[in-house]
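The values are calculated or read from the model by the stated rules, or taken from the named source; none is laboratory data. Just so you know, these numbers come straight off a predicted model, no measurement behind them. Every residue, glycine as well, gets a Cβ built from its backbone with ideal geometry; the counts of neighbours run over all protein chains shown.
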Amino acid sequence: MFIISKIKEWILYASVLISVVGGIYLRGFLKGKQAEKQKQQEYDNKALETRREINNEISKASDSELDSRASKWMRKPNE
């Protein structure tokens, strides 16, 4: 009977330990997940701002300026 009560006690201690370790792991995992979401949101906001700046720059440019910029990326007629 004494051995059975000790086994139950050790099972209780083990379950408490597993619960505590699992809780700590889960908390760290969720904190890391939130940090990554925030980092991705900041990256998306920066990309959106860059896109707006480029669109504004292009919309303000004259046709000849756009042609000269596009010629850097286009093939020459002889090629």
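Observations
- Residue within segment 32-48 that is in a helix (DSSP H, G or I) and over 28 Å from the mean Cα position of the chain (by Cα) present: no
- For segment 22-41, the criterion of being aliphatic (A, V, I, L, M) and exposed (fewer than 10 other Cβ atoms within 10 Å of the Cβ) is met by none of the residues.
- Segment 49-74, residues that are polar (S, T, N, Q) and part of a helix (DSSP H, G or I): 50, 55, 56, 59, 64, 68, 71
- Flag for residue 69 being basic (Lys, Arg), surrounded by 10 or more Cβ atoms within 10 Å (Cβ to Cβ) and at pLDDT below 95: yes
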